[in-house]
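A short write-up of the structure that comes next.
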Amino acid sequence: MKFLSHFFFGLKSYWKAILFIKEQRFYWYILIPAIFMLGIYKIGALIKERTFVPQIDNMNEIVWQMIQILLEISVALLFMNFAKYVVVIILSPLLAHLSVKTERILTGNKYPFDLNQFFRDIKRAIRIALRNFIWQYFFFIIIFLVSMIGWKDPKSSPVLYFIFAIAFYYYGFSFIDYVNERRKLNINESIIFVRRHSGFAMAIGLVYSLLILVPVDIHVIFNLTGFKEHGFLYGLGQFILHITLWFSASTAPILAIVASTIGMNNLVDLKTKKRSR
């Protein structure tokens, strides 16, 4: 029950984050991740164009197909998940600043700017992101091997859905740790805290993942031939749709850091540093 309570609390934190961003006029922060999203979707479009259909005639080829499937899914998973962590890593200075600013507005807590501390914060954020990525991939290998043993087609195994749940947890962890660092928790203490609030972490990671994984077709945005091929109204509709999806993806890291900071203020009461949930 505690897990579910924290999970729904995390989802509510996103709604509070939307209202908070609107009230504080934090719109311009979205422009920076929007630029990075363009590069990520461009790379994704290039990978998507590459396909391979294997020929299976004997046991040797079946073994090689299994290896190929593992590599294929690994590459896809590495790209999708690493892209999300790249966003967190590259935007870590912005996310750290926004988390501090959000906490200051909520609690009045002030953290005098210290350049050395600022770089230490960024270094820690990168360490956490890389650590989470490695652990996430480790669990993926185990789950996939179980799927290969128990199912004829590993891709159809329902066990693979656990990969998403694990990913949500680690994404949420990356955002929550910004606050834990200011609480002077070391990495091991932060790990223990997030484990105790795994529902909250999964909710933060879930919404972040759904927003950043929306199916944006970058060609629709920058290639206007759709207006000629399918008619003006259809082309305009597709253009508006994918611009909206691109905007949604761009808001993902900004919403996640604000939501995690707002949520942490209720879980811990950052002003008094006491746990309230």
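The values are calculated or read from the model by the stated rules, or taken from the named source; none is laboratory data. Since this is a predicted model, take the numbers as computed values, not measurements. As a convention, Cβ positions derive from the backbone with ideal geometry for all residues, glycine included, and neighbour counts pool all protein chains shown.
Table for the structure above
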quantity	calculated
Selection status of residue 84, part of a helix (DSSP H, G or I) and modelled with pLDDT of 80 or more	no
Check on residue 100, at pLDDT 70 or above, of a type in the set (Val, Ile, Thr), part of a helix (DSSP H, G or I) and within 16 Å of the chain's Cα centre (by Cα)	no
Flag for residue 163 being loosely packed, with under 15 Cβ neighbours inside 10 Å and not basic (Lys, Arg)	no
Residue in the stretch 182-200 that is modelled with the lowest pLDDT, counting only those that are touching a Ser or Thr at 6+ places or on another chain (Cβ under 9 Å) and closer than 17 Å to residue 259 by Cβ	182
Flag if residue 94 is farther than 21 Å from residue 208 by Cα and either loosely packed, with under 15 Cβ neighbours inside 10 Å or at pLDDT 80 or above (or both)	no
Residues within the stretch 104-125 that are among the hydrophobic types (A, V, I, L, M, F, W, C) and either under 17 Å from residue 257 (Cα atoms) or surrounded by 13 or more Cβ atoms within 10 Å (Cβ to Cβ) (or both), tallied	5
Test result for residue 188, under 23 Å from residue 254 (Cα atoms), without any contact (Cβ under 8 Å) to a residue 60 or more places away in the chain, part of a helix (DSSP H, G or I) and among the polar types (S, T, N, Q)	no
Extreme residue, surrounded by the most Cβ atoms within 10 Å (Cβ to Cβ), among residues of the stretch 167-185 that are assigned to a loop (DSSP other than H, G, I, E, B) and at negative phi	185
Test result for residue 121, part of a helix (DSSP H, G or I), at pLDDT 80 or above, closer than 25 Å to residue 29 by Cα and acidic (Asp, Glu)	no
Test: residue 145 is touching a residue at least 60 places away in the same chain (Cβ under 8 Å) and either farther than 27 Å from residue 270 by Cβ or in a helix (DSSP H, G or I) (or both)	no
Pairs with Cβ under 8 Å, 6+ apart, first in the stretch 1-24 and more than 16 Å from residue 255 (Cα to Cα), second surrounded by 12 or more Cβ atoms within 10 Å (Cβ to Cβ) and hydroxyl-bearing (Ser, Thr, Tyr)	3/198; 6/198
Pairs with Cβ under 6 Å, 6+ apart, first in the stretch 196-214 and buried (at least 22 other Cβ atoms within 10 Å of the Cβ), second among the basic types (Lys, Arg)	212/84
